[in-house]
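The values are calculated or read from the model by the stated rules, or taken from the named source; none is laboratory data. Please read all numbers here as calculations on a predicted model, not as lab measurements. For accessibility, only protein heavy atoms count, side chains too; no ligands or nucleic acids. Shrake-Rupley method; radii C 1.70, N 1.55, O 1.52, S 1.80 Å.
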Amino acid sequence: MHITYRVAALAVAAFGMSGCATVINGTSQPVEFQSDPDGAVIELVNGMTCQTPCQYSLKRGNDNRVTYSLEGYEPVTVYIQSRTGGGVVGNVLAGGIIGGVVDASNGASNHLYPDPVYVRMVPVGSSQPALLLKKDGEVISTVDEYNAGVMDDVVEGLQEQGVLAAGANVTN
């Protein structure tokens, strides 16, 4: 009889943990940075740099900003938005209120978008806009259109994180 209770308790615990984003996702997400053409230098708002294609592990709960630069091409800035994942309600139901609060506070229930951050740069002086691309190279939108839709939220997040001063000049 005791073995039945142990098995049942283990099954309930396993089910409860399966809804916990902290356990399933972790608090960081690997984000790829790509450019067309390759070889652009990217700089994140915290000063980290690399040459495309490259990847960094970023905190799921933190917004970010990345600037691409390459000689002969216009610099491009893209906002990276921390978005709440669709499984939040499921996490609360399966992991309980405490699990939901933990996941929300550490950002584990969020995901960063776009991922990859893939930009088609334009030559200096071009009248064409820089484009935001999917992993397969399909166009999502212009970078300016995307940034306009998320800029207020991301800038507010960057200010709350203390990496961007209130009233700082933001690149569109």
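Some observations on this one:
- Residue-wise HN-Hα coupling along the range 41-46, computed from phi with Karplus coefficients 6.51, -1.76, 1.60 (Hz; x: Gly, Pro): 8, 9, 9, 7, 4, 8
- Probe 1.4 Å, all protein chains present, accessible-area order of Lys59, Lys135, largest first: Lys135, Lys59
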